[in-house]
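Encoded as structure tokens, the structure appears first; notes follow it.
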Amino acid sequence: MSDDQPAVAPAVVRLPHYTRAEQDEILGDGDDPFGVAAAGLVWLPKEEHFAVRQGGRLVAHAGLLRLPVALGDARTEVVGVGGVAVAPGMRGRGLARLVVAAALDHARTMGPRHALLFCRPPLVPLYRRLGWHPLDQDVLVEQPGNRLVTMPLRTMVTPLRDDARPPAEPVRLFSLPM
Ligand SMILES: CC(C)(COP(=O)(O)OP(=O)(O)OC[C@H]1O[C@@H](n2cnc3c(N)ncnc32)[C@H](O)[C@@H]1OP(=O)(O)O)[C@@H](O)C(=O)NCCC(=O)NCCS
């Protein structure tokens with residue numbers, strides 16, 4: 001840890017809403033701050049928001065929502081995690097770890113056995129470090145116009161209960177991706 005980092009982890013707060021304005025406060029107003037525009041997907045907004053403020057400014061966020069899925073033939077639900085974002089000047093200090101951990105603490109109270117997220121391939125090692133596992137099987141997600149598409153990004157999963165193993169079955173979201 002360098003000298004300019006606080007010794008005490010910053011507080012994670014719940015945000016009542018998270019709009020484009022809050023996202024811009026963290027990531028700036030660039031066209032493609034998540035680097036996923038090339039995938040051409042329509043995404044779901046998240047419903048619960050975990051964030052860090054520093055000096056009155058939002059600097060980190062992770063969101064989540066409950067989603068219906070099929071794992072093979074079994075209908076169930078997962079917690080979808082998304083919108084993980086840390087302000088450019090604040091990266092590499094554990095803020096993504098902090099907000100994702102807070103989101104997962106909440107997710108463990110929601111019932112589903114697994115949390116899922118989608119990420120660009122370069123972020124797989126980071127999420128592995130946070131305890132997530134990449135899925136090898138295809139993951140189908142819905143898109144406008146009743147289209148079902150194979151997710152072009154990597155899908156990662158983490159257990160929300162001690163006895164949950166990563167699903168080996170095909171995964172199909174009954175929703176837009178998050
Ligand atoms: C991706 C992003 C959220 C990471 O935020 P961050 O605050 O820099 O991440 P952290 O500092 O919490 O790092 C998390 C862990 O991953 C590790 N890590 C970071 N890069 C890594 C890499 N390339 N390989 C392996 N581990 C890596 C860190 O060392 C840390 O582990 P540790 O706590 O055990 O030391 C941030 O770069 C960002 O906002 N990017 C733009 C938006 C985006 O792409 N979001 C992702 C959407 S899926």
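Fully extending the segment from A11 to Q137 would add 41.7 nm, taking 0.36 nm per residue of separation and subtracting the current Cα-Cα distance.
The residues of the chain have, on average, 53 Å² of accessible surface per residue, using a 1.4 Å probe with all protein chains present. About the centre of its Cα atoms, the chain shows a dipole size close to 260 debye [charges on the beta carbon of Lys, Arg (+1) and Asp, Glu (-1) only; nearest 20 debye]. Relative to its Kirkwood radius, the Cα radius of gyration of segment 13-173 gives an Rg/Rh of 0.95. Within the chain, DSSP assigns beta bridges of which about 90% are antiparallel (rounded to the nearest 5). Comparing A96, A37, A60 in a Gaussian network model of the chain where C-alpha atoms under 10 Å apart are linked, the largest mean-square fluctuation is found at A37. Along the axis of the charge dipole computed for the chain (Cβ charges of +1 for Lys and Arg, -1 for Asp and Glu, origin at the Cα centre), the listed residues P125, G35, V84 are led at the positive end by P125. For segment 108-177 and segment 3-56, what is the separation of their C-alpha centers, rounded to whole Å? Distance between centres, Cα-based: 20 Å. Just the protein heavy atoms count here, and of the accessible area of the chain at 1.4 Å, carbon and sulfur take up 51 percent.
Estimated purely from DSSP H runs of n ≥ 4, each contributing -39500 (n - 2.57), the mean residue ellipticity at 222 nm for the chain is -4500 deg cm²/dmol once divided by its residues.
What the Cα convex hull of segment 1-96 gives, in volume per residue, is 142 Å³.
For the chain, modelled as a GNM whose springs connect Cα atoms under 10 angstrom apart, the maximal fluctuation among A85, A74, A101 occurs at A74.
The phi-based Karplus calculation (6.51 cos²θ - 1.76 cosθ + 1.60; θ = phi - 60°) puts the 3J(HN,Hα) values of segment 60-72 at 7, 8, 9, x, 8, 7, 7, 9, x, 9, 10, 10, x Hz, whole numbers, x for Gly and Pro.
The values are calculated or read from the model by the stated rules, or taken from the named source; none is laboratory data. Quick caveat: nothing in here was measured; it's all calculated off a predicted structure. Note that each Cβ is placed from the backbone with ideal geometry, even for glycine, and that neighbours are counted across all protein chains shown. To get the accessible areas, we keep the full protein, side chains included, count just its heavy atoms, and leave off ligands, DNA and RNA. Shrake-Rupley method; radii C 1.70, N 1.55, O 1.52, S 1.80 Å.
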